[in-house]
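What follows draws every value from the coordinates through simple rules; no lab data is involved. Because the structure is predicted, anything quoted here is derived from the model rather than measured. A quick note on method: Cβ atoms are made from the backbone with ideal geometry, for glycine too, and the neighbour counts reach across all protein chains shown.
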Amino acid sequence: MAITVHTYKLLKHYSEKILNFGNVLSLGRLDILISKDEYKKFNIPFSKNAYVNNDFFFDFKFNSFKSLDASEFEGSEIIHDLNKPIEKDIGKYDTIIDFGTSEHVFDIVQNLKNINYLCKNGGHIIHCLPANNNCGHGFWQFSPELFFQLYNEKNCFYETELILINMLEKNKFYKVENYTYLERLDFNSDVPLYLFVKTKKRNNQNFGPIFQSDYEKQWKNITSEESKKSNLSKLFKNLKNNFKKIPFLDKFFTYRSDIKFYKKKNYLRSKFIKRVNI
């Protein structure tokens, strides 16, 4: 639950589109993890505050700032366990900020329903959550597939954007294009990756069943990219598959394929990952 250089830069980027964050609800107290050198280097408004509060939200336009937590230990204004449905009136908010909370909530589906419930119609939901190489940090790591399938027009969300963050890089951001119903996209890396997600809510409709798109494609017989490939491409693939069946060569191809699959920053080779300037 923190503002880092990464999340500050991305909030700054989207503040130009959102203009005013309005009444903000943070899941967990939003502490500030920016070093003195980083304040200066990245021209970030300095604060001695340990947490974002109603008096300080950097240079962003907002009306009010509250936080919600399962415990009073950090002084949140609203106490509620996100594993449970919200049955009391704790208000609706223009912007929900989830910077490192959802991965710690066991009932992730109820948690996402609560986030939807707390967001006003026309409001924004913003996440920044672990995607890869954070095993043990929380209960969950998150895939772009989840957010593309959850925050789509069918479920009354729009303007959904996903940004992939390599936590070891402070100046590089990668937009994830919507690849659903085209192919399965695996993010393999030897560095910690986080997903920054921004979406806008249209109305109070509860989201329906969520399925993985590559399985839905098979169930519904949606035309795949594979069927659109050229005959030459299909021929090459068949030859490659036949080579793999030859004794000794099969182990070589399997090993080489595995190495390529798990190679450092292999995810950046995807046609659905685009470097963006933020």
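Annotations
- Sorted by Cβ density within 10 Å, fewest first, the residues Thr199, Thr160: Thr160, Thr199
- Long-range HN-HN contacts of Ala131 with modeled amide H, under 5 Å: Phe142, Leu193, Tyr194, Leu195
- Residues Leu33 and Asn178, FRET efficiency given R0 of 45 Å [Cβ-Cβ distance, rounded to 0.05]: 0.90
- Distant alpha-carbon pairs in region 157-213 (separation over 16 angstrom), percent: 60 percent
- At q = 0.11 Å⁻¹ the log10 of I(q)/I(0) for region 2-213 amounts to -0.51, computed by Debye summation with a single uniform scatterer per C-alpha, solvent ignored.
- Projected-area average for region 1-78 over all orientations - Cα convex hull basis, square nanometres: 5.0 nm²
- Residue-wise HN-Hα coupling along region 91-103, computed from phi with Karplus coefficients 6.51, -1.76, 1.60 (Hz; x: Gly, Pro): x, 10, 10, 6, 9, 9, 10, 10, 9, x, 10, 4, 5
- Cα centroid separation, region 1-75 to region 181-218 (Å): 26 Å
- Ala50/Tyr158 FRET efficiency (R0 51 Å; Cβ-Cβ; nearest 0.05): 0.90
- With the simple model of a label 7 Å out from the Cα in the direction of the Cβ, Lys120 to Lys66 spans 1.3 nm.
- Phi-derived couplings, Karplus 6.51 cos²θ - 1.76 cosθ + 1.60 at θ = phi - 60°, listed residue by residue for region 172-187: 10, 9, 10, 7, 9, 6, 6, 9, 4, 6, 10, 6, 7, 10, 9, 9 Hz, with x used for Gly and Pro.
- Ranked for footprinting exposure by Cβ neighbours inside 10 Å, fewest first, Trp219, Trp140 give Trp219, Trp140.
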